[in-house]
Each structure stands twice: as C-alpha cells, then as structure tokens.
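Chemist: The structure is given below, and queries will be raised subsequently.
The values are calculated or read from the model by the stated rules, or taken from the named source; none is laboratory data. Just so we're clear, the structure is a prediction, and the values are computed from it rather than from any experiment. Positions of Cβ are generated from backbone atoms using ideal geometry, with glycine treated the same way; all protein chains shown enter the neighbour counts.
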Amino acid sequence: MRRYLTILSASIALVASPAFAELKKVDNQAEFVQLVAGKTLSRPLIRIEVQPDGRISGKGAKWDVTGDWTWRDGYFCRSLFWGGDAMGYNCQEVRIQNGRIRFTSDKGQGDSAEFRLK
C-alpha cells in the first residue's frame, strides 16, 4: 500500500495547471469555511470533505481518508491519515477560482494538489 500511496502522491504533485497565476489566495478561515462547507473536494480517485468543525473525511482510491485541520497565520494546517497511514502535519497555502481549489504544501513552497469543489 505504501508503494501505491507514493505513486499516487507523486502523480498528484505532478499535475500542473496552466492557470496557477489566476487562482486567488484564500487568506482567512471564514472565507475558507464558506468555500468548502457542504462541498466535496474531488479529483480522480479522491473524494474529501473538509468540515467547518475541523474534521476531514473521505476516500482516496479505496482507502479511508481522515484527519483534522485548523487555520493558522493564513494557512490551512492539517493532520491526515490515508488508509490508516499517517500522512503527517502540514500547513498549506490555499488558492481558489471557478470551482477549483488548490492546496500547496509547506506554506506555498511545496507540492500542490488541485481539486474541484462539488
């Protein structure tokens, strides 16, 4: 399973979006909650819900995704478990536009994953 997670994580990180400069940075928790409340974040094989109360749940491929999140200093900070394996704690920059949301790890300096909001 670890090998599959590594390959899937690398695939997610390699997805490039030509409109990166067009995405607007989300700066505060209230705006973030308004954007994700009641919606599913989706991409191929992944469906996740980020709850206003700080919970994360969903499916990644066939495994459960769980975790929790807080908003700190302008970043979405989360602890995540995928199929029971800890994916770690990370604070991520959030950008949004036209029903797309992008999370970039390491406060905007790392790998990115983009989802559709449905």
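Chemist: Got a sec? Which of I12, I56 is closer than 19 Å to G110 by Cβ, surrounded by 17 or more Cβ atoms within 10 Å (Cβ to Cβ) and modelled with pLDDT under 95? Quick ask: steps written out before the conclusion?
Modeler: Numbers: I56 fails: modelled with pLDDT under 95.
None of the others qualify; the one that does is I12.
Chemist: Another question about this same structure. Looking at (1) touching a Cys at 6+ places or on another chain (Cβ under 8 Å); (2) modelled with pLDDT under 95, which is the one condition that is false for W69?
Modeler: It is condition (2) that W69 fails.
Chemist: Restricting to the range 36-91, give me the number of residues that are among the aromatic types (F, W, Y) and over 19 Å from V26 (Cα atoms). Outline the logic, then answer.
Modeler: The initial filter retains those residues of the range 36-91 that are among the aromatic types (F, W, Y), namely 63, 69, 71, 75-76, 81-82, 89.
Narrowing further to those that are over 19 Å from V26 (Cα atoms): 63, 81-82, 89.
Residues meeting the conditions: 4.
Chemist: Out of D68, D64, I need the residue that is surrounded by 13 or more Cβ atoms within 10 Å (Cβ to Cβ) and among the charged types (D, E, K, R). Which one?
Modeler: Values: D64 fails: surrounded by 13 or more Cβ atoms within 10 Å (Cβ to Cβ).
Just a single option satisfies the conditions, and that option is D68.
Chemist: Sticking with this structure for a sec: Among the strands (runs of 3 or more DSSP E) lying completely within the range 34-118, list those that include at least 3 residues that are not small (G, A, S). Talk me through it step by step, then tell me what you get.
Modeler: Values: elements: 41-43, 46-50, 55-60, 63-72, 75-82, 85-97, 100-104, 112-117.
Fully inside the range 34-118 and qualifying: 46-50, 55-60, 63-72, 75-82, 85-97, 100-104, 112-117.
Chemist: Let me ask something additional. Conditions first: (1) among the β-branched types (V, I, T); (2) modelled with pLDDT under 95; (3) in contact with a helix residue (DSSP H, G or I) (Cβ under 7 Å, 6 or more places away or on another chain). V50 passes all but one, so which condition is the exception?
Modeler: Going through the list (1) among the β-branched types (V, I, T); (2) modelled with pLDDT under 95; (3) in contact with a helix residue (DSSP H, G or I) (Cβ under 7 Å, 6 or more places away or on another chain), V50 breaks only (2).
Chemist: When Q29 is evaluated against the numbered criteria (1) free of Cβ contacts under 8 Å to residues at least 40 places away in the same chain; (2) under 20 Å from R95 (Cβ atoms), which criterion, by number, is the only one it fails?
Modeler: The one condition Q29 does not meet is (1).
Chemist: Just to be sure I understand, how many residues within the range 88-118 are without any contact (Cβ under 8 Å) to a residue 24 or more places away in the chain, surrounded by 15 or more Cβ atoms within 10 Å (Cβ to Cβ) and closer than 18 Å to S57 by Cα?
Modeler: Within the range 88-118, residues that are without any contact (Cβ under 8 Å) to a residue 24 or more places away in the chain, surrounded by 15 or more Cβ atoms within 10 Å (Cβ to Cβ) and closer than 18 Å to S57 by Cα number 3.
Chemist: For the range 15-30, state whether one or more residues are more than 23 Å from K107 (Cβ to Cβ), at pLDDT 95 or above, in contact with a Lys or Arg (Cβ under 9 Å, 6 or more places away or on another chain) and not in a loop (DSSP other than H, G, I, E, B).
Modeler: no
Chemist: Further question on the same structure: Could you list, in sequence order, the residues of the range 75-87 that are in contact (Cβ under 8 Å) with a residue 24 or more places away in the chain and surrounded by fewer than 16 Cβ atoms within 10 Å (Cβ to Cβ)?
Modeler: Once the filter is applied, which keeps residues that are in contact (Cβ under 8 Å) with a residue 24 or more places away in the chain and surrounded by fewer than 16 Cβ atoms within 10 Å (Cβ to Cβ), the range 75-87 yields only D85.
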